[in-house]
1. Here's a check for you: in segment 37-62, which residue that is over 27 Å from residue 90 (Cβ atoms) and of a type in the set (Ser, Thr, Tyr) is modelled with the highest pLDDT?
2. Under the condition of being touching a residue at least 12 places away in the same chain (Cβ under 8 Å) and more than 16 Å from residue 44 (Cβ to Cβ), which residue from segment 9-22 is surrounded by the fewest Cβ atoms within 10 Å (Cβ to Cβ)?
3. Against the condition in contact with a Cys (Cβ under 7 Å, 6 or more places away or on another chain), over 30 Å from residue 30 (Cα atoms) and not assigned by TED's automatic domain parsing to the domain that holds residue 31, how does residue 102 come out, does it pass?
4. Scan segment 109-124 and report the pairs whose first residue is assigned by TED's automatic domain parsing to the domain that holds residue 91 and whose second residue is assigned to a strand (DSSP E or B), with Cβ atoms within less than 7 Å and a gap of 6+ or a chain change.
Amino acid sequence: SQIADEMARQGVRYHQHTAQWNKHMVKRILENERYLGMDGYPRLVTDEEFLAVRLRRREQNTYAPCPSEIIPIRNKAVCALCGEKMTRDTKSHGRPRWRCKNPECGGSVYLDDSIILERVMQKLKVLAHSPEHIQLPKAAPVSTDALRIEN
């Protein structure tokens, strides 16, 4: 923002149609390697500045992709409060957060992937030793037409 303010104050034009600047315009220039003097573009950024921006952006990036072993869990996770589907994101300091999709519920919990995997494994072991605890979905009542066709 300070760079954008200074560029506007000095009357430097962003392009021929506007002299207004904002922080996003500055960001695009600082992150675009063309402005190192490539592809016929003027050199606006030094190599050191470009590298410093890259390093700073890498430090600020907290995105962590969902591990493959969590994907099946993510697709089935439901809120313990209301039963609505849950979503997983890592926008808050890179820590996995599970949020209820129901806006009226607003349930949210921070859980590390390792804890979720451990709990799922514990449940699977219990079910492997006691399969009678597995609750199968109730079959829908069969219509007379379905019985007739089956017969």
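1. 46
2. Among those that are touching a residue at least 12 places away in the same chain (Cβ under 8 Å) and more than 16 Å from residue 44 (Cβ to Cβ), it is 20.
3. When the stated conditions are applied, residue 102 passes them.
4. Matching pairs, first to second residue: 109/98; 110/97; 111/98.
The values are calculated or read from the model by the stated rules, or taken from the named source; none is laboratory data. Quick caveat: nothing in here was measured; it's all calculated off a predicted structure. Methodologically, a virtual Cβ is constructed for each residue, glycine included, from the backbone with ideal geometry; neighbour enumeration extends over all protein chains shown.
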